[in-house]
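Q: Just dropping this structure here.
FYI, it's all coordinate maths here, none of it is from the lab. Predicted model, so just to flag it, every value in this text is computed and none were measured. Heads up, the Cβs are rebuilt from the backbone with ideal geometry, glycines too, and the neighbour counts pull from every protein chain shown.
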């Protein structure tokens with residue numbers, strides 16, 4: 001196991017750099033073929049605990065999913081508030097002397113109302129900045145399969161027999 005120093009003391013680490021992961025035995029332009037290659041190694045009894053898939057040239061991508069309106073913000077806030085209200089209602093319902101269903105329903109309703117109010121106010125406070133919802137993802141430009149040096153030749157030999165996708 002490799003070590004690193006922090007504040008003058010040695011700390012154990014499993015993998016500190018890409019070089020610590022091993023020798024490159026294959027490279028792929030997309031993740032799916034790299035994953036398929038490691039799966040092939042595993043299916044053929046290669047000790048895959050000695051292999052890693054490493055992505056290089058990372059990029060952050062955001063995909064716009066839609067516009068945020070005050071109504072949509074209020075709806076999302078109401079949903080979040082209802083969940084919180086459900087939790088609080090269940091807790092009060094379990095330990096109170098009132099009707100359990102009534103306390104839970106009241107918690108959900110009150111939570112939804114306050115959540116909607118806070119969602120709408122937060123949207124209005126944004127003053128038109130970031131008028132859209134996004135989904136973020138990390139993507140790599142290429143993927144390499146790295147294997148510990150003692151297993152590299154075996155991995156290369158096995159991957160030479162990997163069936164080609166049709």
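Q: Taking the Cβ-Cβ separation of residue 118 and residue 139 as r and a Förster radius of 41 Å, what is the calculated FRET efficiency to the nearest 0.05? Display every interim value, and only then the final one.
A: Values: r = 34 Å, r/R0 = 0.83.
Calculated value: 0.75.
Q: Could you tell me how many degrees, from 0 to 90 and to the nearest 10, lie between the Cα long axis of helix 31-43 and the main elongation axis, the longest principal axis, of the Cα atoms of the chain?
A: Once rounded, one gets 60 degrees.
Q: For the chain, set up a Gaussian network in which alpha carbons nearer than 10 Å are linked by springs, and say which option among 96, 119, 85 fluctuates the most.
A: Per the Cα network of the chain with a 10 Å cutoff, 96 tops the list.
Q: Please find, in a Gaussian network model of the chain (springs between Cα atoms separated by less than 10 Å), the residue of 117, 53, 145 whose mean-square fluctuation is greatest.
A: Top of the fluctuation ranking is 117.
Q: What 222 nm value per residue comes from the helices of the chain, counting each DSSP H run with n ≥ 4 as -39,500 (n - 2.57) and dividing by all residues, nearest 500 deg cm²/dmol? Working shown, then result.
A: Working: 4 runs with 73 residues, N = 166.
Helix-only estimate at 222 nm: -15000 deg cm²/dmol.
Q: Just to be sure I understand: of the beta bridges DSSP finds with both ends in the chain, what percent are antiparallel, rounded to 5?
A: Working: 24 of 24 bridges.
Counting DSSP beta bridges with both partners in the chain, the antiparallel share is about 100 percent.
Q: Rounded to the nearest 0.05, what FRET efficiency do residue 70 and residue 95 give with R0 = 45 Å and r taken as the Cβ-Cβ distance? Could you check?
A: Details: r = 37 Å, r/R0 = 0.82.
Efficiency at R0 = 45 Å is approximately 0.75.
Q: Looking at [x] 1, 8, 13, 17, 19, 15, 10, 7, 4, 3, 1, 0, 0; [y] 2, 9, 18, 22, 22, 17, 8, 2, 0; [z] 2, 8, 10, 10, 8, 8, 7, 7, 9, 12, 11, 7, 2, 1, 0, which value of P(r) over Cα pairs in 5 Å bins from 0, in percent comes from a calculation on the structure shown?
A: Comparing each candidate, only [z] matches the computed number.
Q: Given the Cα-Cα distance of residue 125 and residue 156 and 0.36 nm per residue of separation, how much length would full extension add, in nm? Display every interim value, and only then the final one.
A: Numbers: separation 31, 0.36 × 31 = 11.16 nm, distance 5.76 nm.
The span from residue 125 to residue 156 would gain 5.4 nm if fully extended.
Q: Separation between the residue 32 and residue 87 pseudo-spin-labels, each 7 Å from Cα along Cα→Cβ, expressed in nm?
A: Going by the 7 Å Cα→Cβ label model, 3.8 nm.
Q: Taking the chain as a Gaussian network, Cα atoms linked when under 10 Å apart, which of 59, 24, 129 shows the biggest mean-square fluctuation?
A: Sorting by GNM fluctuation, first place goes to 129.
Q: Give me the percent of Cα-Cα pairs in the range 64-133 that sit more than 21 Å apart, rounded to a whole number. Don't jump to the answer; show the numbers that get you there.
A: Working: 875 of 2415 pairs.
Within the range 64-133, distances greater than 21 Å cover 36 percent of Cα pairs.
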